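*Asks:* The structure's right below; bear with me while I get my questions together.
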Amino acid sequence: MPSRSRLCSLLISRRHSRSGSRLCCCAALLTSSSDVRGLGARRKGFPVTDARVALNRAQVQTTLHDLTTPVDALTPPWPGDQPFRRASRWSIEAGDAVNVDTVTTTTHIGTHIDAPSHVRSGGHSIDRTPLDACIGDCLIVDVRPLVGVSTSPHGFAPLTLVRSRIAALARGVGREASSIKRVLLRHRDAPVSTWDGQTPGLDPAFVQWFGDHGGRLIGIDLLSFDPETSKMLPAHSAAIDAGVVMLEGLDLTRVPEGFGDLIALPALWIGADAAPVRAVFRREAVCSIPTPNPIIPTRRNP
């Protein structure tokens, strides 16, 4: 019956801030059948136990963080690899009907996902990356305190320390560490502007442990899962064996630790060993709105 239905009005506004786009939803709910009947209920014969309308309000604020490293001619490629080059093929200023650019670069420039074929002959190419691994619930972990970033070269964050930090963050929101399918590890204080030959890579034991416990994706703000000097690439191999997607070259400098939703889809480049990614992290927060003064019917003098 209409008198027992729950009424909801929704106001959506869009705000923008330096940290990203914010979508703010304000929802007002009339929460009980007597509240829904409202002030006119007395006239219609319904019992009214409280003339005030109980108005529960909640504001859900969604912030979108762009984790993608900007790419231009100064973006450092792997030593010896093809740098990013953009050239104009057609130009409106030159009298052409349109502007068209030609881009030449490596598949591993900026933020990207490595396919197994990058390090293993016969491994599947980037077009076969499982997309469900690249979208969904995700945890950002700041591992800077766990590695010696003040020394050069510094080591990777060891399994035991990263595992303990993940467990602590999960407990803080009433979750089990085993429920986490995607994790992003922050190592840096600032985005990469020049080639860092001291990139430590990841602890292969952590990569294997994460995959063995149901993990689907590991993302890093480093340029590679393994250091430049590595020949055997053990962290890459551990990820492939465990079925973990390898997301590299993120910018995690503006996002604090915690849970959110990740969207990091690789370009559909058939047969390629890697592809660029636009990585976005969505985080929601619920804020209460002060309840307005109660609505009390005006009593008329007889």
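No lab work stands behind these numbers, since they all come straight from the coordinates. Only a predicted model underlies this, so the values are computations on that prediction, with no experimental measurement involved. Backbone-built Cβ (ideal geometry, glycine too); neighbour counts: all protein chains shown.
*Asks:* Based only on other Cβ atoms within 10 Å, what is the fewest-to-most ordering of H187, H124, H112, H213?
*Replies:* Fewest to most other Cβ atoms nearby, the residues stand as H124, H213, H187, H112.
*Asks:* What is the mean projected area of the alpha carbon convex hull for the stretch 151-214, to one decimal in square nanometres?
*Replies:* If I average the Cα hull's projected area over directions, I get 5.2 nm².
*Asks:* Place the peptides 174-180, 159-165 in order of packing, highest mean first, counting for every residue the other Cβ atoms within 10 Å and averaging per peptide. Present the calculation step by step, with values, prior to reporting the outcome.
*Replies:* Numbers: 174-180: 13.4, 159-165: 16.9.
Top of the packing list down: 159-165, 174-180.
*Asks:* How big is Rg to Rh over the stretch 106-185, alpha-carbon atoms, Rh as the Kirkwood inverse-mean-distance radius?
*Replies:* On the way: Rg = 15.8 Å, Rh = 15.2 Å.
Ratio of gyration radius to Kirkwood radius: 1.04.
*Asks:* Would you calculate the separation in nanometres between label points at A272 and I92, each defined as 7 Å from the Cα along the Cα-to-beta-carbon direction?
*Replies:* The answer from the label model is 2.7 nm.
*Asks:* Okay, next question. I need the shape label for the stretch 68-206. Rule: rounded when a/c is under 1.5, else prolate if a/b > b/c, else oblate, with a, b, c from the alpha carbon gyration tensor. Mind showing how you got there, number by number?
*Replies:* Details: a/c = 2.19, a/b = 1.80, b/c = 1.22.
The shape class here is prolate.
*Asks:* Give a residue-ordered list of calculated ³J(HN,Hα) values for the stretch 93-99 (Karplus: 6.51 cos²θ - 1.76 cosθ + 1.60, θ = phi - 60°; whole Hz; x for Gly, Pro).
*Replies:* 4, 8, x, 7, 6, 9, 9
*Asks:* What is the distance, in nm, between label points placed 7 Å from the Cα along the Cα-to-Cβ direction at S178 and at R120?
*Replies:* That separation, rounded to one decimal, is 2.5 nm.
*Asks:* In terms of modelled amide H atoms, which long-range or inter-chain residues lie less than 5 Å from the amide H of T69?
*Replies:* Here T111, D251 satisfy the definition.
*Asks:* I need L265, L184, L250, L131 ordered by Cβ neighbour count within 10 Å, fewest first. It would help to have the intermediate numbers written out before the result.
*Replies:* Details: L265 15, L184 25, L250 29, L131 11.
Result, fewest neighbours first: L131, L265, L184, L250.
*Asks:* Oh, and also: Normalised by the empirical 2.2 N^0.38 Å for globular proteins, what value does the Cα Rg of the stretch 110-284 take? Can you show the working numbers first?
*Replies:* Values: Rg = 14.9 Å, N = 175, 2.2 N^0.38 = 15.7 Å.
That works out to 0.95 for the stretch 110-284.
*Asks:* Working out 0.36 nm times the residue gap between T160 and E284, then minus their Cα-Cα distance, what length gain in nm do you get to one decimal?
*Replies:* Between T160 and E284, full extension yields an extra 41.7 nm.
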